[in-house]
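What follows is a set of notes on a single structure, which appears directly below.
Nothing in this text is a laboratory measurement; each read-out follows from the coordinates by a stated rule. What you see is a predicted model; the values in this text were computed from it and never measured. Neighbour counts run over all protein chains shown; Cβ positions are idealised from the backbone, glycine included.
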Amino acid sequence: MSGGWELDVHGTEAKLLRKIAGERITVTFNINNSIPPTFDEEPQEGQKADEQEPELTSTPNFVVEVTKDDPKQTLVLDCHYPEDEVGIEESDIFSIREVSFQPTGESDWKDTNYTLSTDSLDWALYDHLMDFLADRGVDNTFADELIELSTALEHQEYIRFLEDLKSFVKCQ
């Protein structure tokens, strides 16, 4: 990942951390169920069925947490890669689904804290939130690199899974 992000991987969960200008930005994602389903289509004329294999890319939901140096609360933005979603800017490859404040240092978020769905958010404010993320290095370039990283991690875990499955099934 460009931009000075530190990577920490634990199984299927990955965390990217970056500190800039008195803020700690953390991006967390999980590769489980991150590859969208492929729908079987008939091969087009002149193409063999095996030539039409879709490339499997991982597009995980991800959470961005921004914590200031004098922390009492953390701004949390729940993001995802939309599939032909109506209403988002065509230039953005990811979108913000929800925004909330959570107590800093708590591993479990509180359901009692207000969470704002961006479906009901004023578009000017939504654009400001996207600019806020871009100023902290979470932009389309980051989102593209996150897809590449997530896809590589997913493929690595998939191969490990198949090896484990082979060993498990062979045992008697």
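A simple spin-label model places pseudo-atoms 7 Å from Cα toward Cβ; at residue 98 and residue 83 they are separated by 2.0 nm. The simple spin-label model puts a point 7 Å past each Cα toward its Cβ; for residue 119 and residue 72 those points are separated by 3.2 nm. Farthest towards the positive end of the charge dipole of the stretch 110-172, among the residues 117, 133, 159, is the Cα of 159, using unit charges on the Cβ of Lys, Arg, Asp and Glu. Sorting the segments 15-26, 157-168, 136-147 by their residues' average number of neighbouring beta-carbon atoms within 10 angstrom, most packed first, yields 136-147, 15-26, 157-168. Stretching the chain fully between residue 6 and residue 167 yields a gain of 54.6 nm (0.36 nm per residue, less the alpha carbon separation).
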